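All remarks here apply to the structure that follows.
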Amino acid sequence: MSNYERIGRELIHKGAIIDYYQDTIRVANGNVVKWDLISHKGAAAVVAVKEDGKLLMVRQYRNALDRETLEIPAGGLNSVDEPTKEAAARELEEETGYVAGKLELLITLRTTVAFCNEKIDVYLATDLRPGSQHLDEDEFLNVESRDLDELIQMIYDCKIQDGKTVSALLAYKEKYCR
């Protein structure tokens, strides 16, 4: 039984990707406090493994960091009800131009639990075949094929810092490459 009770929620800003709320919470000792909440529809991501064992990665500019990052393909759900497996298949083809013959749930992530409800389901994509890339009008990315060992080293060299990518690559290595 929780000693916390949400007694109010106010929408502060509705955005294109996230909504920002201020919640009023009665905490365990009875005090009433204000907590921020970032609400997100959710997302899906893909560890895409080619026949030669290399992984498909995307290099793209990220405004929050003001630099390019190397990440696994991923994207937001079109609605909170969209199945993440469908979103994963869509994002893989849109971003990389590949279609997966097989998609298997690898790991589920909650990105920033202190103030955000974002959930990302990460899928393992195999039996890849070429399709066609369909980038959004504001997406400019390059697709790269990389060896897993190289990517893991990039994590430890602090060259890959994206949480979903770090978690997904380490989970893939642990589960499938022992």
### Query
In the Gaussian network model of the chain, springs joining C-alpha atoms below 10 Å, which of ASN31, ASN142, ASN78 carries the largest mean-square fluctuation?
ASN31
### Task
State, as an integer percentage, the relative contact order of the chain based on alpha-carbon contacts under 8 Å between residues 6 or more apart.
21
## Note on the structure
Of all GluC sites (Glu not before Pro) in the stretch 1-98, the ones in DSSP coil with at most 14 other Cβ atoms within 10 Å are GLU51
### Query
Hey, in the GNM for the chain with a 10 angstrom Cα cutoff, which one of TYR156, TYR20, TYR123 fluctuates hardest?
TYR156
### Query
Between VAL80 and ASN3, what FRET efficiency follows from the Cβ-Cβ distance if R0 is 25 Å, with the result rounded to 0.05?
0.35
### Task
With just the Cα atoms of the chain, tell me how far they stretch along each of the three principal axes, in Å, largest first.
58, 38, 31
### Task
Kindly provide the helix-only [θ] at 222 nm of the chain, computed as the sum of -39,500 (n - 2.57) over DSSP H runs of four or more divided by all residues, to the nearest 500 deg cm²/dmol?
-6500 deg cm²/dmol
### Query
How big is the charge dipole of the stretch 30-159 about its Cα centre, in debye rounded to the nearest 20, if each Lys and Arg gets +1 on its Cβ and each Asp and Glu gets -1 on its Cβ?
400
### Query
TRP35 to GLU51: extension gain in nm, 0.36 nm per residue of separation minus the Cα-Cα distance?
1.0 nm
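Bear in mind these aren't lab numbers, they're just calculated from the coordinates by the rules spelled out. Since we're looking at a predicted model, the values are computed, not measured. Because the Cβ atoms are built from the backbone with ideal geometry, glycine has one as well, and the counts that use them run over all protein chains shown.
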